[in-house]
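See structure below.
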């Protein structure tokens, strides 16, 4: 499966990320297929993403991670769905 995910770069305590398209079986810092943008959280909350490439990879079936999905929504490459993900925690049962 092809995924769109963040590739961490930069110095210690100063991360800079590349938004890449990679095979999900490859290592997190391994080789990737295509770089579609950059994200520097310490400078701004917006990512520099090539919207045309992102839409092309989504059309080909690439699955973005939750963080990349949020960045793509901000960049305008995807529409925000009503529910982005399932809740991470289970609800407690009352006794």
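Bear in mind that the values in this text are calculations on the coordinates, not laboratory data. Predicted model, so just to flag it, every value in this text is computed and none were measured. Don't worry about glycine lacking a Cβ; one is built from the backbone with ideal geometry, like all the others, and counts go over all protein chains shown.
Results, tabulated for the structure shown:
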quantity	calculated
Rule-of-thumb Rg ratio for segment 2-75 [Cα; 2.2 N^0.38 Å; N residues]	1.03
Degrees, to the nearest 10: 66-75 long Cα axis against longest axis of the chain	60 degrees
Pair residue 34, residue 18: separation of 7 Å Cα→Cβ label points (nm)	1.5 nm
Equivalent ellipsoid, segment 30-72 (semi-axes from 5 times Cα gyration tensor eigenvalues, Å)	19, 12, 10
Extension gain, residue 67 back to residue 42 (0.36 nm per residue minus Cα-Cα distance, nm)	7.4 nm
Helix 51-60 axis, angle to the chain major axis (alpha carbon atoms, nearest 10°)	60 degrees
